[in-house]
1. Working carefully through the options 78, 64, 71, find the one that is at pLDDT below 95 and under 15 Å from residue 10 (Cβ atoms).
2. Being within 24 Å of residue 259 (Cα to Cα), in contact with a helix residue (DSSP H, G or I) (Cβ under 8 Å, 6 or more places away or on another chain) and modelled with pLDDT of 95 or more is true for just one of 92, 46. Which residue is that?
3. What are the pairs, 6+ residues apart or on separate chains, where a residue within region 1-30 that is in contact (Cβ under 8 Å) with a residue 60 or more places away in the chain and on the phi < 0 side of the Ramachandran plot has its Cβ under 8 Å from a residue that is surrounded by fewer than 22 Cβ atoms within 10 Å (Cβ to Cβ) and outside any helix (DSSP H, G or I)?
4. Could you tell me whether residue 133 is touching a residue at least 40 places away in the same chain (Cβ under 8 Å), closer than 17 Å to residue 40 by Cα and assigned to a loop (DSSP other than H, G, I, E, B)?
5. Out of (1) touching a residue at least 24 places away in the same chain (Cβ under 8 Å); (2) surrounded by fewer than 22 Cβ atoms within 10 Å (Cβ to Cβ); (3) under 18 Å from the mean Cα position of the chain (by Cα), the odd one out for residue 114 is which?
6. One residue is enough: does region 194-212 have a residue meeting the conditions buried (at least 16 other Cβ atoms within 10 Å of the Cβ) and within 16 Å of the chain's Cα centre (by Cα)?
7. Taking region 159-181 as the region of interest, how many residues are surrounded by 15 or more Cβ atoms within 10 Å (Cβ to Cβ), assigned to a helix (DSSP H, G or I) and modelled with pLDDT of 90 or more?
């Protein structure tokens with residue numbers, strides 16, 4: 001029952017992570033002159049849809065007695081619900097800017113959208129059940145998740161451009177894969193710190209133990225292996241690399257959902 005109560009919150013956070021991470025990768029690649037215009041539009045559209053879906057979940061977020069039942073702080077949780085609208089507005093604005101021949105506008109729009117998204121994730125983090133709401137590892141966990149999930153999604157979308165533009169350099173695809181690798185390594189550090197502090201030692205429920213296994217085995221180990229393989233194969237065959245990123249998107253998504261379930265039920269930074 002507790003898991004069901006937190007599910008709208010978990011999904012809203014994961015959707016914001018997807019939007020923020022995708023925006024970062026498209027912004028990063030455009031800054032390097034490596035992003036095709038059509039790719040920027042597609043990623044911005046996906047990010048805007050993800051943010052809009054998160055807004056749609058806002059009315060279902062646990063409030064009042066429901067929030068207290070699972071140990072969530074209703075104050076920050078209410079603020080998170082309100083911040084989702086700002087994130088969606090800025091993501092839609094960023095989508096509009098991709099149709100305008102003004103790089104400065106796109107840069108500003110991307111930075112504002114990412115800042116709003118990271119702020120929203122920070123507010124959600126404070127709402128989790130814990131005696132240390134501002135723990136640095138907990139605050140790092142959702143942004144790292146954004147880079148991993150949004151990064152691998154953007155990389156997968158980028159891979160499709162090599163079908164219509166075979167001469168497109170492989171550097172953008174390889175750089176997107178490396179962003180995911182770096183993010184997952186950061187996630188490993190966070191999980192290791194959490195385990196060493198004993199934050200998961202009291203987790204005995206079968207469902208939560210399974211979630212820990214999915215988080216580490218699928219969300220971290222498998223995603224890291226797939227991202228490294230995608231980076232390695234991009235030089236030889238971009239379509240093989242894109243196929244690997246498809247697999248990685250599934251593993252990253254499973255890992256993030258499991259991680260956020262643990263995050264909002266136990267307060268542990270994973």
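The values are calculated or read from the model by the stated rules, or taken from the named source; none is laboratory data. Keep in mind the model is a prediction, meaning the values are calculated, not measured. Please note: Cβ atoms are built from the backbone with ideal geometry, for glycine as well, and neighbour counts cover all protein chains shown.
1. One residue alone meets the criteria, 71.
2. Working: 92 fails: within 24 Å of residue 259 (Cα to Cα).
Only one candidate passes the filter, namely 46.
3. Taking only residues 6 or more apart or on different chains, the pairs are 2/70; 5/70; 6/70.
4. Numbers: touching a residue at least 40 places away in the same chain (Cβ under 8 Å): yes; closer than 17 Å to residue 40 by Cα: no; assigned to a loop (DSSP other than H, G, I, E, B): yes.
In short, no.
5. It is condition (2) that residue 114 fails.
6. Going through region 194-212, the residues buried (at least 16 other Cβ atoms within 10 Å of the Cβ) turn out to be 194, 199-200, 208, 211-212.
From what's left, within 16 Å of the chain's Cα centre (by Cα): none.
Checked against the condition, which is being buried (at least 16 other Cβ atoms within 10 Å of the Cβ) and within 16 Å of the chain's Cα centre (by Cα), region 194-212 yields no hits at all.
7. 11
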